[in-house]
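A short write-up of the structure that comes next.
The values are calculated or read from the model by the stated rules, or taken from the named source; none is laboratory data. This structure is a prediction, so every number in the text was calculated from the model and none was measured. FYI the Cβ positions are ideal-geometry reconstructions off the backbone, even for glycines, and counts take in every protein chain you see.
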Amino acid sequence: MTNAPDFNLDDALDATDDWDDFESGYADQLVSPDGPDPEESELTTGEQDLAERHALRRVAGLRTELEDITEVEYRQLRLEKVILVGVWTTGTVADAENSMAELALLAETAGSEVLDAIYQRRQTPDPATFIGRGKVEGLLEIVQASGADTVILDGDLAPSQLRNLEDKLKVKAIDRTGLILDIFAQHAKSKEGQAQVELAQLNYMKQRLRGWGGNLSRQAGGRVSGGEGIGGRGPGETKIETDRRRINTKIAKLRRELKDLKSTRETMRQERRRHHVPSVSIAGYTNAGKSSLLNRLTDAGVLVEDSLFATLDPTTRRTTTRDGRVFTMSDTVGFVRHLPHQLVEAFRSTLEEVADSDLILHVVDGSHPDPEGQLAAVREVFAEIHASKVPELVVINKADAADPMVIARLLAREPHSVVVSAKTGEGIDEALAAIESELPRPSVQFESLLPYERGDLLNRLHQEGEIESLEHTGDGTLVRGRANADLASDLAAYPVG
Ligand SMILES: Nc1nc2c(ncn2[C@@H]2O[C@H](COP(=O)(O)OP(=O)(O)OP(=O)(O)O)[C@@H](O)[C@H]2O)c(=O)[nH]1
Ligand SMILES: [Mg+2]
């Protein structure tokens with residue numbers, strides 16, 4: 001026995017009570033977008049608001065074509081025709097539709113064509129099939145009528161739920177986590193980024209393997225064969241059929257590699273600390289304009305794209321305040337609601353840099369339908385990576401495209417914020433001034449008379465310290481200002497008078 005799965009698919013299916021025997025006679029009602037879901041009414045006895053609760057709704061006006069991506073990219077990326085499926089448990093209709101719109105963007109970013117999007121109101125997702133079991137029949141008809149080859153579920157599903165859906169629908173079923181992992185796999189460029197994504201994917205697949213018991217190789221359903229499309233990139237499903245042990249070996253190897261890569265970065269970080277160079281991290285929701293802002297603030301020239309998770313590999317630029325103090329500014333991977341835990345774990349060393357910085361520029365897209373939701377989602381990740389203690393300056397971006405009422409609402413809610421447009425340059429000077437005043441200041445006040453042969457100390461002062469006054473005298477340079485403790489102790493060798 002190379003693997004000892006304690007999971008038995010048949011038992012698991014039995015545990016989903018009447019799944020196999022379930023006779024749905026409701027197909028007609030189910031296809032209608034607002035039809036009731038009689039099968040769930042037993043669960044919610046007394047609830048009369050059935051039409052609302054059980055509606056299998058279509059998301060109105062959802063974009064189904066990749067509008068702003070070129071034909072070439074479109075052909076290259078378009079691998080699947082997908083149907084999005086959500087379960088709406090709490091919140092307003094607008095929340096549910098925003099969530100589905102985001103799922104649609106994610107799917108398009110992964111290269112899919114979204115044919116349809118439906119969601120159902122339920123108290124909790126069905127343990128066997130996520131959406132109500134009766135609704136699966138309706139979904140099957142939509143799948144068949146539209147020619148979809150994949151359904152994407154808006155949630156983090158149990159392996160058995162995905163499996164049940166695949167069995168019923170005869171097409172591939174992917175959850176939100178799998179979709180996001182797939183985008184990361186497509187976008188990772190650096191060695192470290194690729195290793196991080198692969199680690200996250202393997203951890204995700206490892207859990208799925210256990211779920212599928214003896215059937216270790218996940219079969220892609222429908223027209224999509226293994227190795228292609230969402231969930232098939234990266235480590236490659238064809239390679240994982242042997243056993244979990246191979247995955248574990250690979251995970252251990254990746255962890256070692258990542259540790260080595262981390263130590264290189266750690267050295268750089270220590271070097272920066274030794275020289276007391278303050279660091280600023282640009283963080284925020286994906287597509288908020290973080291890379292655009294870095295470009296604006298430092299001429300970094302990094303990739304900007306109207307796509308989710310365009311940036312995966314962090315970029316750090318050395319820059320200076322207008323009075324000449326050196327600091328670094330880094331752009332990093334964007335966050336998203338319910339960022340898969342596997343990714344947070346795998347990207348921990350990248351994210352530690354955010355937690356370790358002196359200031360976080362929290363960029364939020366002021367033109368997004370739910371900027372407050374984005375701020376909250378990002379702060380959840382800050383808490384998870386222990387970055388909540390780092391001073392945060394909120395940068396409300398895309399002022400050129402945002403509703404002034406929304407900007408006013410955000411300003412009232414986030415008093416420590418600046419409003420900018422990385423696109424037009426509006427507010428950038430104010431943002432720079434705010435950043436400069438937030439940077440940690442050298443701690444020691446000093447006054448020295450530096451002999452002219454100590455130009456090196458004067459140089460360091462320009463870079464690491466703050467010079468309040470400087471005068472060239474017959475005996476040397478008379479200089480007064482603030483310096484960090486190290487530099488101040490060197491300067492103390494040259495007291496005035
Ligand atoms: N209208 C407008 N669009 C902007 C502004 N800033 C950025 N954008 C656009 O927003 C999209 C995303 O910009 P990026 O800078 O790539 O965003 P990001 O936060 O780095 O995104 P990821 O790396 O994908 O997480 C691009 O299409 C930008 O052109 C702005 O101030 N106004
Ligand atoms: Mg970016």
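No other residue among Val390, Val395 is of a type outside the set (Lys, Arg) and within 12 Å of Leu293 (Cα to Cα) apart from Val395. Would you check if there is a residue in the stretch 361-382 being within 30 Å of Glu466 (Cα to Cα) and free of Cβ contacts under 8 Å to residues at least 60 places away in the same chain? Within the stretch 361-382, not a single residue is within 30 Å of Glu466 (Cα to Cα) and free of Cβ contacts under 8 Å to residues at least 60 places away in the same chain. Only residues that are near ligand 2 (Cβ under 9 Å from one of its atoms) and either free of Cβ contacts under 8 Å to residues at least 40 places away in the same chain or in contact with a Phe, Trp or Tyr (Cβ under 6 Å, 6 or more places away or on another chain) (or both) were counted in the stretch 289-310, giving 5.
If you go through the stretch 389-415 and keep only what is outside any strand (DSSP E or B) and surrounded by 14 or more Cβ atoms within 10 Å (Cβ to Cβ), you end up with Val390, Lys398, Ala399, Asp400, Ala402, Val406, Ile407, Arg409, Leu410, Leu411, Glu414. With the requirement that a residue be surrounded by fewer than 18 Cβ atoms within 10 Å (Cβ to Cβ) and either touching a Pro at 6+ places or on another chain (Cβ under 9 Å) or outside any strand (DSSP E or B) (or both), what does the stretch 440-449 give you? Selection gives Pro440, Arg441, Ser443, Glu447, Leu449. Among the residues of the stretch 127-160, those that are crowded, with 24+ Cβ neighbours inside 10 Å and of a type in the set (S, T, N, Q) comprise Thr129, Thr150. Once the stretch 419-437 is narrowed to residues that are of a type in the set (A, V, I, L, M) and farther than 24 Å from Leu303 by Cβ, the residue that is surrounded by the most Cβ atoms within 10 Å (Cβ to Cβ) is Val419.
Contact map, the stretch 412-439: first residue at positive phi, second residue part of a loop (DSSP other than H, G, I, E, B), Cβ cut-off under 7 Å, separation 6 or more or different chains; pairs are Gly427/Ala399; Gly427/Val420; Gly427/Ser421. Within the stretch 311-322, restricting attention to residues that are touching a Ser or Thr at 6+ places or on another chain (Cβ under 7 Å) and under 25 Å from Val197 (Cα atoms), the residue that is nearest to ligand 2 (Cβ to nearest atom) is Thr311. Checked against (1) more than 10 Å from ligand 2 (Cβ to nearest atom); (2) under 19 Å from Ala188 (Cα atoms); (3) in contact (Cβ under 8 Å) with a residue 60 or more places away in the chain, Pro278 passes all but condition (2). What residue, among those in the stretch 322-373 that are within 15 Å of ligand 1 (Cβ to nearest atom) and among the charged types (D, E, K, R), is surrounded by the fewest Cβ atoms within 10 Å (Cβ to Cβ)? Here the residue is Arg337. Within the stretch 416-439, how many residues turn out to be in a loop (DSSP other than H, G, I, E, B) and β-branched (Val, Ile, Thr)? The total comes to 2. Residues considered: Leu139, Leu103, Leu162. Of these, the only one that is in contact with a Leu (Cβ under 7 Å, 6 or more places away or on another chain), outside any strand (DSSP E or B) and farther than 28 Å from Pro371 by Cβ is Leu139.
With the condition kept exactly as written, say whether any residue in the stretch 215-236 is of a type in the set (S, T, N, Q), modelled with pLDDT of 85 or more and either in contact with a strand residue (DSSP E or B) (Cβ under 7 Å, 6 or more places away or on another chain) or surrounded by fewer than 22 Cβ atoms within 10 Å (Cβ to Cβ) (or both). No, because not a single residue in the stretch 215-236 is of a type in the set (S, T, N, Q), modelled with pLDDT of 85 or more and either in contact with a strand residue (DSSP E or B) (Cβ under 7 Å, 6 or more places away or on another chain) or surrounded by fewer than 22 Cβ atoms within 10 Å (Cβ to Cβ) (or both). Evaluated against (1) closer than 25 Å to Ser367 by Cα; (2) buried (at least 18 other Cβ atoms within 10 Å of the Cβ), Leu303 falls short on exactly one condition, (2). Of all residues in the stretch 353-376, one or more are modelled with pLDDT under 95 and hydrophobic (A, V, I, L, M, F, W, C). Looking only at residues of the stretch 172-207 that are among the charged types (D, E, K, R) and buried (at least 20 other Cβ atoms within 10 Å of the Cβ), we find that the one that is nearest to His338 (Cα to Cα) is Arg176.
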